[in-house]
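Visitor: To start, I am sharing the structure in question, which I have written as structure tokens.
Rule-based calculations on the coordinates, nothing more; no lab input. Keep in mind the model is a prediction, meaning the values are calculated, not measured. Methodologically, a virtual Cβ is constructed for each residue, glycine included, from the backbone with ideal geometry; neighbour enumeration extends over all protein chains shown.
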Amino acid sequence: MSSRPVAVVTGGSRGIGRGVVVALAGAGYDVVVNYASNADAAAEVGKEVEARGGRAHLVRADVSRAEDRRHLVDETTAAFGRIDLLVSNAGVAPSVRADLLEAGEESFDRLVDINLKGPYFLIQLVANTMIAQQAAGRVERPKIVVISSISAYTASVNRGDYCVTKAGLAMTAQLYATRLAEHGINVYEIRPGVIETDMTGPVKARYDDLIFNQGLTPIRRWGQPDDVGRAVVAVATDLLPFSTGQVIDVDGGFHLRTL
Ligand code: NAP
């Protein structure tokens, strides 16, 4: 069994997940880097973990598939023997942004499966594993972090499917926070704003204009994956022990109402 705490980060091969993995490695974690298909990117992240003195285990698993979720947890247990932290980060944007009055069911189903149903049941599986490991004395006060989005409460009519999944994910975090408190497992929801990753690459010019010319966010810069990584490290290292179900905005102040 690993003597260091172990984190499982879904979608850890790129973007925000990669930033989270690297930050956790810097904070002393061994990390399971989950990815969907991009093995080369995952391998790069694994090297970054090792450069920081941690051990990385790469696991290909599609979070929308029940057998893959089971495989992810089994692989983690086989490699490290414990799960101290789950960061449910994997998620996708719609392949094509479509108006609410025209968007089809195929994209809706895909996003619900990956962004909502997958995390909902992965958290269930990991929570039960954590409860058992805690009873066996393998872990102490494990934690769960859900990466949602400002889209949990911001209506974008050109990607309603995405917004609906993120709103559902916000409730998922509240539900598990409520249920798992008696087991000493705190759950946190981190809501990133506009973060510079592959996901936002296709809309970079538009967001550049919104951020730098139109004051979209009080803090006038793009968010970086490391901004989210630092927030994860804060909760992972128990800096918010009396908070659960807490929403942590990592959004440059996007959520502020101003007049
Ligand atoms: P990204 O750059 O597109 O990276 C997505 C990651 O998720 C990749 O590691 C990818 O693996 C993995 N992934 C995709 N589908 C998966 C599946 N079915 N099973 C397992 N892994 C899967 O995205 P990102 O911008 O970092 O976003 C990460 C999370 O933050 C998402 O939940 C997103 O909704 C949320 N978020 C992003 C922003 C933003 O501005 N970027 C803002 C708010 C919230 P492969 O490398 O194998 O493809």
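Visitor: Could you give the semi-axes, largest first, of the ellipsoid that matches the stretch 76-190, computed as the square roots of 5 times the alpha carbon gyration tensor eigenvalues and rounded to whole Å?
Guide: After diagonalising the Cα gyration tensor, the semi-axes are 32, 14, 9 Å.
Visitor: Looking at the chain, identify the longest residue range that excludes and avoids all GluC sites (Glu not before Pro) in DSSP loops having at most 15 other Cβ atoms within 10 Å.
Guide: The segment 141-259 is the longest one with no such site.
Visitor: Please report, in whole Å³, the volume per residue of the convex hull around the C-alpha atoms of the chain.
Guide: It comes to 126 Å³ per residue, whole-number rounded.
Visitor: Shifting gears a bit: Take the Cβ-Cβ distance between A181 and A98 as r, set R0 to 45 Å, and report the resulting FRET efficiency rounded to the nearest 0.05.
Guide: Computed FRET efficiency for A181 and A98: 0.70.
Visitor: Show the residues, 5+ positions off or on another chain, whose built amide H is closer than 5 Å to the amide H of V8.
Guide: V32, L85, L86, V87
Visitor: 222 nm [θ] for the chain, helices only, -39500 (n - 2.57) per DSSP H run of 4+, per residue, to 500?
Guide: Taken over the chain, the calculation gives -13000 deg cm²/dmol.
Visitor: OK, next. Ranked by Cβ crowding within 10 angstrom, fewest neighbours first, how are F242, F121, F254, F80 ordered?
Guide: In increasing order of surrounding Cβ atoms, one gets F242, F121, F254, F80.
Visitor: Can you tell me which lysines have their Cα less than 30 Å from the Cα of K166? Leave out same-chain residues fewer than eight positions away.
Guide: K166 reaches K117, K143, K204.
Visitor: Relative contact order of the chain: what whole-number percent is it, with Cα pairs under 8 angstrom and at least 6 residues apart?
Guide: Relative contact order here is 19 percent.
Visitor: Got the relative contact order for the stretch 146-259 handy, in percent, Cα pairs under 8 Å and 6 or more residues apart?
Guide: Here the relative contact order equals 31 percent.
Visitor: Mind checking which aspartates and glutamates have their Cα closer than 18 Å to the Cα of K47? Skip sequence neighbours fewer than 8 apart in that chain.
Guide: Within the straight-line cut-off, K47 pairs with D30, D226.
Visitor: Moving on to the next point. Once both labels are modelled 7 Å past Cα along the beta-carbon direction, what's the L239-H71 spacing in nm?
Guide: 3.6 nm
Visitor: Pairing the Cα long axis of helix 160-180 with the longest principal axis of the chain, what angle in degrees results, from 0 to 90 and rounded to the nearest 10?
Guide: Approximately 30 degrees, to the nearest 10.
Visitor: If Lys and Arg each add +1 and Asp and Glu each add -1, what is the summed charge of the other residues whose beta carbon sits under 15 Å from the beta carbon of S151?
Guide: Net charge around S151: 0.
Visitor: Could I ask something else about it? Averaged over all directions, how much area does the convex hull of the C-alpha atoms of the stretch 142-259 cover when projected, in nm²?
Guide: 8.1 nm²
Visitor: Sticking with this one: Find how much the distance from R141 to S37 grows on full extension, using 0.36 nm per residue of separation minus their present alpha carbon separation; answer in nm with one decimal.
Guide: So the chain would gain 34.3 nm between R141 and S37.
Visitor: Then there's this: Under a point spin-label approximation (7 Å from Cα along Cα-to-Cβ), what is the T154-R110 distance to one decimal in nm?
Guide: Going from the T154 label point to the R110 one covers 2.3 nm.
Visitor: Using Cβ contacts closer than 10 Å as the measure, can you line up L216, L85 from fewest to most?
Guide: Fewest-to-most Cβ neighbours within 10 Å comes out as L216, L85.
Visitor: Please list the three semi-axes, largest first and in whole Å, of the ellipsoid equivalent to the stretch 17-100, using sqrt of 5 times the eigenvalues of its alpha carbon gyration tensor.
Guide: They are 24, 16, 11 Å, listed from largest to smallest.
Visitor: Rounded to the nearest 0.05, what FRET efficiency is calculated for K47 and N213 with R0 set to 35 Å and r the Cβ-Cβ distance?
Guide: Between K47 and N213 the formula returns 0.35.
Visitor: What is the stretch 1-76's relative contact order, in percent, from Cα pairs under 8 angstrom and six or more apart in sequence?
Guide: Once divided by the residue count of the stretch 1-76, the mean separation gives 28 percent.
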